[in-house]
Every structure is written in C-alpha cells, then in structure tokens.
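Engineer: Here it is, the structure, as structure tokens.
Nothing in this text is a laboratory measurement; each read-out follows from the coordinates by a stated rule. Nothing here was measured: the structure is a model prediction, and the numbers come from that model. Every residue, glycine as well, gets a Cβ built from its backbone with ideal geometry; the counts of neighbours run over all protein chains shown.
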Amino acid sequence: MSLGHTGVTAPVAADAARRDIPDPVVSCGSPPEDCGIRDVQDRLGDKWSVMVLSELAAGIRRFRQLQRAVPGISQRMLTVTVRRLERDGLISRTVHPTIPPQVEYELTEMGHSLTHLIRALADWSLDHREAIAEARRTWDEANPT
C-alpha cells in the first residue's frame with residue numbers, strides 16, 4: 001500500500017450523518033448478500049456487451065452488421081459476446097434456412113428493459129466527462145509516479 005493510501009477514505013457513519021451524506025442508493029442488505037448484481041456487472045462490465053446491446057436497441061441486426069457497427073471487435077469476440085448475451089436472455093438469435101444461413105440478433109423484452117439504464121449511463125458519462133478529465137489531471141499531477 002502506498003503512503004497516500006494509509007488513511008481512511010470512506011466516511012464513518014457518524015461523520016457521514018454530520019455531512020448529510022445520503023444512504024447508498026444501491027444496497028444488497030446487511031450483512032452483504034448476493035443480490036445478483038455481480039452477474040449483471042460481469043456481463044455489462046465487459047468491453048463489448050454494452051456496445052452490442054446499444055446497437056441492437058436500434059433494431060434487428062445480422063452478424064456482419066453488428067461487426068461493422070462495433071468498431072474494433074473481432075469476429076471471435078463478437079461471437080463470444082452474442083453467445084453470452086443470448087445465454088443471459090438479453091438477446092435472441094434467429095437462423096434463417098438459406099444458403100448460406102442468415103443469422104439475425106435482436107433484443108429480448110428483458111434486453112429492451114436495460115436500454116433506458118444504458119442511456120442513463122451514457123447521459124451521465126457525457127454530463128461528467130469534463131469533470132472526470134479534470135479530476136484525473138489533478139490526481140496525475142499530485143501522484144506523478
């Protein structure tokens with residue numbers, strides 16, 4: 001642990017009450033229990049899932065359309081990502097019996113229910129982009145190593 005990390009960074013309950021810090025918005029209870037957030041975080045916290053879900057929010061897409069719409073994703077990573085999202089019930093996959101087979105992906109009802117949260121996160125990111133960049137610059141100047 002570095003010298004800069006030896007102090008307590010989270011306020012204790014009495015200190016938080018004194019400063020009018022609200023209770024946490026998200027809590028799994030006390031003692032901490034498995035409320036399922038880890039599974040969702042694992043899926044949505046990967047590099048590609050939110051981008052794929054965002055693209056599918058616009059409508060049905062074929063595999064190549066998805067690959068072109070998500071810059072930098074490889075064929076293998078897109079395959080892995082859509083399989084995981086399908087397994088989690090967020091997207092559905094339809095294979096049309098043509099030669100070659102045509103595969104289409106679309107959001108399920110549960111997948112659509114996530115889109116307003118993704119939009120809120122995107123809006124928050126845009127609203128706080130400059131403040132985050134400034135905080136990073138300040139931190140980097142104070143912690144040059």
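Engineer: Could you sort the peptides 112-120, 35-43 by per-residue average Cβ neighbour count (10 Å cutoff), highest mean leading? Provide the component values of the computation, followed by the final result.
Structural biologist: On the way: 112-120: 13.4, 35-43: 11.9.
Ranking the peptides 112-120, 35-43 by packing returns 112-120, 35-43.
Engineer: Okay, next question. Within segment 82-103, name every residue whose backbone N is under 11 Å away from a label modeled 7 Å from Cα of Gln65 along the Cβ vector.
Structural biologist: Only 103 fall inside the zone, counting backbone N under 11 Å.
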